[in-house]
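This report refers to the structure that appears directly beneath it.
The values are calculated or read from the model by the stated rules, or taken from the named source; none is laboratory data. Keep in mind it's a predicted model, so treat the numbers as computed, not measured. Backbone-built Cβ (ideal geometry, glycine too); neighbour counts: all protein chains shown. For the accessible areas, the whole protein counts, side chains as well, though only heavy atoms, and no ligand, DNA or RNA atoms are used. Shrake-Rupley method; radii C 1.70, N 1.55, O 1.52, S 1.80 Å.
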Number of protein chains: 2
Amino acid sequence: MSGTDPVCTEPPPAATRCGPVGHALARVGRLHRIAMGRRLRELGLYPGQELMMMRLWDCGPVRQSELIQSLGLDPSTVTKMLQRLEQSGHVRRGPDPADRRAVLVEATERGQALRTGVEDAWKDLESLSLGGLSAADGAELSRLLGLVAENLREETEEADGCAPGATVC
Amino acid sequence: MSGTDPVCTEPPPAATRCGPVGHALARVGRLHRIAMGRRLRELGLYPGQELMMMRLWDCGPVRQSELIQSLGLDPSTVTKMLQRLEQSGHVRRGPDPADRRAVLVEATERGQALRTGVEDAWKDLESLSLGGLSAADGAELSRLLGLVAENLREETEEADGCAPGATVC
DNA sequence: AAGATTACCTTGGTCGGCCAAGGAATGGGT
DNA sequence: ACCCATTCCTTGGCCGACCAAGGTAATCTT
């Protein structure tokens, strides 16, 4: 048994006083990411990459810019992540014949093979997270998180529009 | 106006199907972190550092191990973060006379000066996040997040105990 | 048709965060 | 007293994620 484990967070600092919900949010988000990361490691992925792969499983070959927008990530983040995923053989990149500056991305067989594993991991973690909650509570939580997400999204976007014709898939 | 802004996330991938709540959680957590990071930048801090500082404001000089445990972070993370905070003058580190392998950490005046700014930022973001929610909804959200946190914490800790005598402060 | 603007991606740098491994100092068992 | 286990911290490596800046290609303007 390894003695001291990280991730304890028991008595959080007085951030609780200034932003109880925000603090709980940050805390839960981190715990969720860690728990997910643990499952992903057995699959050979790092946390964050699974969302990228999910996107690639759903859509076929996709433009990198599409990934950037749908995942809401910085372009440079996507570039580097794809470079690593390419090197680990999960992803293939090639030029877009229709636009020579664009890059088309798709999952390799090796990447496809992870699909059920990743989806199971998500389902597993989902049920674990909601353990002890009634279905009604789950729905309520989902609803409230949606509202908060909307509030935060507005501030983050700060006027833009998020091009409507983007849901290509 | 910078044209393309990241962070859009509009139609999330089919992760929604496998773990709607988990996905919303990850999403909101990230948005919250980004929004907080924006406020912190004006104060000269990076996201994550503010929790460390809050802990230091509450307690006086603290052992590094205390920070590790209370924030639930990896020891190496804390070491590096403190090195940077020290270099930016927000924090001072010195030897613990009672235990020569330990390190005592405390906030400098410069670090203290950020306190109200950070707390205001948290309050501000909190009210923004909860905009449009009734007080009852806020409480409900808090309660549900607490439950989920508990579920996730159990898995993350995986048997340990989190030494009860740790709430020194 | 030439020039300015945009869109698409890279590179380089910095941070938070994790893991693995290692060096000191303390403490417990015999 | 001695040695072994534990605790406390550091270093190095790797990723996700951000920003800033730059290079190439398409598009819009005039």
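Taking the highest mean first, how do the peptides A:45-57, B:97-109, A:116-128 order by number of other beta carbon atoms within 10 angstrom per residue? Show your work: numbers first, answer last.
Details: A:45-57: 21.3, B:97-109: 13.8, A:116-128: 17.3.
Going from most to least packed, we get A:45-57, A:116-128, B:97-109.
What's the minimum Cβ distance from chain A to the axis relating it to B, in whole Å, and which residue gives it?
It is A:Gly29, 1, counting Cβ atoms only.
Name the residue from A:Val103, A:Gly146, A:Leu128 whose Cα lies farthest towards the positive end of the charge dipole of segment A:103-160, charges +1 on Cβ of Lys and Arg and -1 on Cβ of Asp and Glu.
Among A:Val103, A:Gly146, A:Leu128, the one farthest towards the positive end of the dipole of segment A:103-160 is A:Leu128.
Given a 1.4 angstrom probe, what's the average accessible area per residue across segment B:21-128, in square angstrom?
Per-residue accessible area for segment B:21-128 comes out at 48 Å².
Given B:Pro75, B:Leu51, B:His90, which one lies farthest toward the positive end of the charge dipole of segment B:21-128, if we put +1 on the Cβ of every Lys and Arg and -1 on the Cβ of every Asp and Glu?
B:Pro75
I'd like the distance between the alpha-carbon centres of segment A:11-71 and segment A:81-144, rounded to an integer number of Å.
Rounded to whole Å, the Cα centres lie 10 Å apart.
Say R0 is 35 Å: what FRET efficiency, to the nearest 0.05, do A:Ser76 and A:Ile34 get from their beta-carbon distance?
0.90
Residues with amide H under 5 Å of A:Arg63's amide H, sequence separation 5 or more or different chain, H placed in the peptide plane at 1.01 Å from N; which?
Here A:Val105 satisfy the definition.
Hey, any idea what % of segment A:66-117's accessible area is carbon plus sulfur with a 1.4 Å probe? Walk me through the numbers on the way to the answer.
Working: 1510 of 3030 Å².
Answer for segment A:66-117 is 50 percent, counting heavy atoms of protein chains only.
Tell me, what does the Kirkwood hydrodynamic radius of segment B:21-128 come to in angstroms if you use every pair of distinct C-alpha atoms?
14.7 Å
Between beta-carbons, use under 14 Å as the cut-off and find the net charge around B:Leu141, counting Lys and Arg +1, Asp and Glu -1.
Here the charged neighbours net out to -3.
Testing the spin-label approximation: label points 7 Å from Cα along Cα→Cβ at A:Tyr46 and A:Glu106. State their distance in nm.
Taking the two extended label points, one gets 2.7 nm.
What does the net charge come to around A:Ser127 if you take all other residues with beta carbon closer than 12 Å to its beta carbon, with K and R at +1 and D and E at -1?
Neighbour charge sum, excluding A:Ser127 itself: -3.
Using protein heavy atoms only (no ligands, DNA or RNA), what is the total accessible area buried between B and A, 1.4 Å probe, nearest 100 Å²?
The buried area between B and A, both sides summed, comes to about 6800 Å².
So if R0 is 22 Å, what FRET efficiency would A:Glu154 and B:Ala139 give, r being the distance between their Cβ atoms, rounded to the nearest 0.05?
The calculated FRET efficiency here is 0.45.
May I ask for the net charge around B:Ala24, where only other residues with Cβ less than 13 Å from the Cβ of B:Ala24 are counted and Lys, Arg are +1 while Asp, Glu are -1?
On the way: positive: A:Arg143, A:Arg153, B:Arg17, B:Arg27, B:Arg30; negative: A:Glu126, A:Glu140, A:Glu150.
Here the charged neighbours net out to +2.
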